[in-house]
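Peer 1: Once you've had a glance at the structure underneath, I'll fire off some questions.
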Amino acid sequence: MPAKQEVLALRPSAALHERISELVDRQWTGRLSADEECAWEQYGYVEHLVRIAKAEAAHKLKSSMDPRN
């Protein structure tokens, strides 16, 4: 399992960031193909999971630093 700090430091690669930017642009113009729409939904799901993991890691990190614990 990654450390809490590693989870909080997760960032998309430059290539992934570029691909997502392309999909956002295409979505705004309404030109997503079926495959692109599927990829867009998958990226959204993964982003949701990462946000949950980061929130949990931040909470655990904060709790572990609390002197009352």
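Peer 1: Test Val50 against the criterion of being at pLDDT below 95, under 19 Å from the mean Cα position of the chain (by Cα) and among the aliphatic types (A, V, I, L, M), and give yes or no.
Peer 2: no
Peer 1: If I ask for residues that are closer than 13 Å to Gln5 by Cβ and polar (S, T, N, Q), which ones from the range 50-69 would you list?
Peer 2: Passing the criteria: only Ser64.
The values are calculated or read from the model by the stated rules, or taken from the named source; none is laboratory data. Predicted model, so just to flag it, every value in this text is computed and none were measured. Cβ atoms come from the backbone with ideal geometry, glycine included; neighbour counts cover every protein chain shown.
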